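I have placed the structure first, in the form of structure tokens, so that the comments after it can refer back to it.
The values are calculated or read from the model by the stated rules, or taken from the named source; none is laboratory data. Every value quoted in this text rests on a predicted model; they were computed, and no experiment measured them. All Cβ positions, even for glycine, are placed from backbone atoms using ideal geometry, and neighbour counts span all protein chains on display.
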Amino acid sequence: MTSGKESAGLLLYRIRDGRPEVLLVHPGGPFWRRRDEGAWSIPKGEIEPGETPAEVARREFHEELGQWPPDGELTPLGSIRQAGGKVVHAWAAEGDFDIERVESVSFELEWPPRSGRTQQFPEVDKAGWFDLDAGRRMILAAQKTFIDRLEEARL
């Protein structure tokens, strides 16, 4: 069964000491607090009616990280289907980002469950730069394909 949802995201990369690195984000909230390896993602979000996927990729980067991605050409990385059925479209862009300056939008969640109390959590609680091998270990399994495609296309 598929969710019918579609998201779009941006995989930022840079070359540091002659080696490529990718920027990944760790989801905020209590469900992800103790998960690390295999829990990171590209900055991404749901496509709303009237938006193009590339517009969403840029918007979500800004919403999740607090800074706009670099202007310029986006390299298409294609689409994947995640385990829950969501289709994710991705692009790559070269640029830099100060991971100490993450300012994510937040979401509300009843926490603890069935407590009647609503709390605010950041969509992204941290960002990190990873070389390609570490990035493949840290990213959600279905999204590893984006790192592979980036390496084939650019590096």
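A Cβ distance below 9 Å, combined with a sequence gap of six or more or placement on separate chains, defines the contacts here; from region 19-38, residues that are free of Cβ contacts under 8 Å to residues at least 40 places away in the same chain reach residues that are assigned to a strand (DSSP E or B) and among the aliphatic types (A, V, I, L, M) in the pairs 31/109. Considering only region 22-66, how many residues are acidic (Asp, Glu), farther than 11 Å from residue 104 by Cβ, touching a Lys or Arg at 6+ places or on another chain (Cβ under 9 Å) and not in a loop (DSSP other than H, G, I, E, B)? Matching residues across region 22-66 total 1. Annotation: residue 113 fulfils all but one of (1) part of a strand (DSSP E or B); (2) out of contact with any strand residue (DSSP E or B) (no Cβ under 6 Å at 6 or more places or on another chain); (3) modelled with pLDDT under 95; the unmet one is (1). When 142, 127, 92, 134 are checked against the criterion of being surrounded by 12 or more Cβ atoms within 10 Å (Cβ to Cβ) and free of Cβ contacts under 8 Å to residues at least 12 places away in the same chain, a single residue qualifies: 134.
Considering region 131-155, and only residues there that are of a type in the set (Lys, Arg), within 20 Å of residue 57 (Cβ to Cβ) and modelled with pLDDT of 95 or more, the residue that is farthest from the chain's Cα centre (by Cα) turns out to be 149.
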